[in-house]
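Encoded as structure tokens, the structure appears first; notes follow it.
Since every read-out is calculated from the coordinates, none of them should be taken as a lab result. The structure displayed is predicted, hence computed values, not measured ones. Because the Cβ atoms are built from the backbone with ideal geometry, glycine has one as well, and the counts that use them run over all protein chains shown.
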Amino acid sequence: MERWIKRLQFMLGIFVKITTGVIVVTAVYISVFWGIKVDVKVALLWQILCVSALCTVGSILLPASEEEAQEISKKGMLIRMIVYFILVNIVVLGCGFCFQWFSPSDWKMVLGMEISIIGVFVAVTAASYFDDYRIAEKMNRRLKEREKRDSE
């Protein structure tokens, strides 16, 4: 049960990071390709949530805890990250095409989408890494405090 709770917490954190990144990138993308004064429909917000949720489902490939991460080799983790990146590309480009976020015949828009995907992917990965690092540092600090108390 605890493993499922950690998995859900991990996925919720990924969802929040992805959604935040997509909203920022969407604001820039719309400004660049359609102009700052364009009106957007509320449907775009639901589309962003849908794409973010689908990308989050793909994160099932990634370890949700330190214990899971230790069970995977570096090569295995690299393969999982590459597969996850490919899945994210398929989801975002596929949904983006269906939602008419870009014109496939306009190479600049397609390139803009790919740069956006890479940017959000890197930002989410970096934010997740730093969250994990912060948690590990906090745990190490508490262990040192406990060892210090136990030795006194």
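Any residue that is more than 12 Å from the chain's Cα centre (by Cα), surrounded by fewer than 17 Cβ atoms within 10 Å (Cβ to Cβ) and of a type in the set (G, A, S) - is there at least one of those in region 53-65?
Yes, some residue in region 53-65 is more than 12 Å from the chain's Cα centre (by Cα), surrounded by fewer than 17 Cβ atoms within 10 Å (Cβ to Cβ) and of a type in the set (G, A, S).
Across region 98-137, what is the total count of residues that are surrounded by fewer than 11 Cβ atoms within 10 Å (Cβ to Cβ) and of a type in the set (D, E, K, R)?
2
Residues that are within 18 Å of F10 (Cα to Cα) and in contact (Cβ under 8 Å) with a residue 60 or more places away in the chain, at least 2 per element: which helices (runs of 4 or more DSSP H) completely within region 42-152 meet that? Give the steps one after another, and end with the answer.
Working: elements: 43-58, 66-70, 74-98, 107-151.
In region 42-152, the matching helices (runs of 4 or more DSSP H) lie at 107-151.
Take K6 and decide whether it is on the phi < 0 side of the Ramachandran plot, in a loop (DSSP other than H, G, I, E, B) and without any contact (Cβ under 8 Å) to a residue 60 or more places away in the chain.
No; evaluated as a whole, the condition is false for this residue.
Tell me which of these A27 doesn't satisfy, since it passes every other one: (1) surrounded by 13 or more Cβ atoms within 10 Å (Cβ to Cβ); (2) within 19 Å of the chain's Cα centre (by Cα); (3) farther than 15 Å from F121 by Cβ.
That leaves (1) as the condition not met.
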